[in-house]
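Student: So that we are looking at the same thing, I have put the structure below in structure tokens.
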Amino acid sequence: MAPRLPDHPAWTGRFTALCLILALPLSLLGSVGSALTAVWTNVNPGGGGAFTCAAAGPTGTIVIGSDIAGAYRSTDRGTTWTNIGYLNGGLRQSYVSAIAFDPAAAGILYLAGEGGLYRSADGGG
């Protein structure tokens with residue numbers, strides 16, 4: 001059974017005011033929504049397949065893992081990407097399922113996937 005509002009005039013007036021207060025910001029989202037969607041830029045490294053994981057290091061390095069190309073690294077906050085995994089980095093298998101930076105040493109990077117766990121002492125360089 002659904003809850004029922006009390007029939008008291010003060011309660012129904014407060015409920016109406018609350019609905020109006022909540023509806024006003026929602027009505028403004030229509031004009032703001034299109035501006036918010038314009039901030040996304042495609043920075044796809046173009047390797048194909050699906051991206052499976054991502055990690056960002058404290059120095060601004062970003063590493064993403066993929067299912068068919070290993071991993072890609074960006075040292076300029078996503079402007080350019082370099083394949084550091086299967087093709088150029090020595091991974092035995094291409095699928096990367098997890099990435100982590102060492103919290104105590106920014107240059108140490110870990111990749112995990114079908115071929116095991118890999119460690120790089122130079123951030124994947």
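Student: Under 5 Å between amide H atoms, partner at least 5 residues away or on a different chain: which partners does I84 have, H built in plane at 1.01 Å?
Tutor: A71, Y72, R73
Student: May I pose another question? May I ask you to compute the full-extension gain from A54 to R119, defined as 0.36 nm times their residue separation minus their alpha-carbon distance, rounded to one decimal in nm?
Tutor: Roughly 21.8 nm would be gained on extension.
Student: Give, as a single signed number, the net charge of other residues whose beta carbon lies under 14 Å from the beta carbon of L117, with Lys and Arg counted +1 and Asp and Glu -1.
Tutor: Taking every other residue near L117 into account, the sum is 0.
Student: Additional query: Roughly what % of Cα-Cα distances in segment 51-120 sit above 16 Å, to the whole percent?
Tutor: That tail contains 38 percent of the Cα-Cα pairs.
Student: Follow-up. Going by how many other beta carbons lie within 10 Å of each one, how would you line up D122, D67, fewest first?
Tutor: Least crowded to most crowded, the residues run D122, D67.
Student: Convert each backbone phi in segment 99-115 into a coupling constant with the Karplus relation 6.51 cos²θ - 1.76 cosθ + 1.60 (shift: θ = phi - 60°), then list the ³J(HN,Hα) values in order as whole Hz, x for Gly and Pro.
Tutor: These are the phi-based 3J(HN,Hα) values: 9, 8, 8, 6, x, 8, 9, 4, x, 8, 10, 10, 10, 10, x, 4, x Hz.
Taken together, the values in this text are just the output of simple stated rules run on the coordinates, not laboratory data. Every value quoted in this text rests on a predicted model; they were computed, and no experiment measured them. Every residue, glycine as well, gets a Cβ built from its backbone with ideal geometry; the counts of neighbours run over all protein chains shown.
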